[in-house]
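What follows is one structure encoded as structure tokens, with my remarks underneath.
The values are calculated or read from the model by the stated rules, or taken from the named source; none is laboratory data. Small disclaimer: the values here were computed from a predicted structure and weren't measured. Heads up, the Cβs are rebuilt from the backbone with ideal geometry, glycines too, and the neighbour counts pull from every protein chain shown. We work out accessible area using only protein heavy atoms, side chains counted, and drop any ligands, DNA or RNA first. Shrake-Rupley method; radii C 1.70, N 1.55, O 1.52, S 1.80 Å.
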Amino acid sequence: MLSKASTSILSCVRLRRISHSVRECGPRYLEPSSLLPLSYHRLRRRVVWPCIPAIEAYKRHFSSIAIVPVITPPVVFVGLALTLWFYKCCMMILFQNKIIYMPSAPPYSRREKIADYARMCGSVHWEEQRITSLDGTRISLCIGRLRDETTSASPRQSTSHVVVLYFQGNASSIPPRLPTLSKVLSSLNSGNAYTLVAVSYRGFWTSQGRASQRGIEMDADAAIAWAQTHFKNHLTGSRPKLVLWGQSIGASVAAGAASRLLHANESRNLQLSGIILETPFVSIKRMLTSLYPQKWLPYRYLSPFLWNWWDNEEALRTMATISVGGSIPILLITAARDEIVPSDQADDLQRLCQQLNFKLTRHDIQGALHTEATLKSEGKEAVVKFLKTQISSDHADDR
């Protein structure tokens, strides 16, 4: 048996080992990669349980392992949603010309011919005319006149000649619209010489180039300049009376062309007799907020990146700053069942025209969709009445 002295010596040695193990473990924080099972430490006679920092390290390691599977699905879902939104936003910005202008919808619309619709045009004769835009691009026009006027005296020799320039919407081509335009033209009073010129934008129908806002603006200005020169009365030297008629995005083309025309000819006697805005919208920016009303969608905030803005409000305000701009009458035609342009945009345009003191007349065509306003008899009669009224008032002013 061991003596008391040897027993006390062994006890002191064990206490020193325990205290040494506690001192080694106490100030150290074990890394998760270096953590080992508790049995490993026990086999080597290490004091583990009293080591509070080691226990805390174990807790942090295993809690982090448990949290990762929980947060992974929502992180992946949110990341995919943000990536998809970013991709769609980039595509909408880069391909906005393809989205806005659709000359090939429906398919084969660029191959259509005037002869395909000649039988539905009645007494109106249509012919294609090629002109050069301001940048050299060749564009096409459809010129329509009553057949008795084409066989008799030339319209340019008439004492009162009215030229209506028609600007189409953002899709299809001119020939399918000719029957509707023919009904309006044939309903006008034959006492005056009326000519309807339908403008085919670049990239549409047989016109060259690609559609864009700056290009279409040059096409509209070139068509107006051509009409003023081509239909000029060579006996008196007077230019024809102009009426600009635009449908949907064409309403923005007509309003913008009118503002530029008035600004360039502010000091001259310009024969601009009226503007017809058929199913117009306020601007492309407003259309974004109307198509995407949810504030959490990013598409409604893409207006700073647009290079197609088509702003009717800006055009009308520009016209109002010109002395003769406020005296030009405006006809506003809306479709009661418009599935594209909300009705509040026409209301805003009406309030704006009233604030700017324009001579505004509004007609809401009941039961009409976006492209059916003038297909209805009510819409056709509104256009005919507007043209007759404004031309007769111009005659009274001339007298």
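Condition check: surrounded by 15 or more Cβ atoms within 10 Å (Cβ to Cβ), without any contact (Cβ under 8 Å) to a residue 12 or more places away in the chain, closer than 21 Å to Phe358 by Cβ and over 10 Å from the mean Cα position of the chain (by Cα). Does Asn265 satisfy that? Considered against the rule, which asks whether it is surrounded by 15 or more Cβ atoms within 10 Å (Cβ to Cβ), without any contact (Cβ under 8 Å) to a residue 12 or more places away in the chain, closer than 21 Å to Phe358 by Cβ and over 10 Å from the mean Cα position of the chain (by Cα), Asn265 comes out as yes. Beta carbons closer than 7 Å, at least 6 apart along the sequence or on distinct chains, pair a first residue in the range 370-383 that is within 17 Å of Ile340 (Cα to Cα) with a second that is open to solvent by 10 Å² or more (accessible area, probe 1.4 Å) and among the basic types (Lys, Arg) for Thr374/Lys380.
Looking at Asp347, is it over 19 Å from Val164 (Cβ atoms), open to solvent by less than 60 Å² (accessible area, probe 1.4 Å) and at pLDDT 95 or above? In short, yes.
For (1) assigned to a strand (DSSP E or B); (2) touching a helix residue (DSSP H, G or I) at 6+ places or on another chain (Cβ under 8 Å); (3) surrounded by fewer than 17 Cβ atoms within 10 Å (Cβ to Cβ), each residue gets a yes or a no:
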position: Trp309; (1), (2), (3): no, yes, yes
position: Ala315; (1), (2), (3): no, yes, no
position: His363; (1), (2), (3): yes, yes, no
position: Leu369; (1), (2), (3): no, no, yes
position: Lys380; (1), (2), (3): no, yes, no
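Sub-8 Å Cβ pairs linking a first residue in the range 272-301 that is of a type in the set (Val, Ile, Thr) to a second residue that is part of a helix (DSSP H, G or I) and open to solvent by 50 Å² or more (accessible area, probe 1.4 Å), at least 6 apart or interchain, are Val282/Glu313, ordered by first then second residue.
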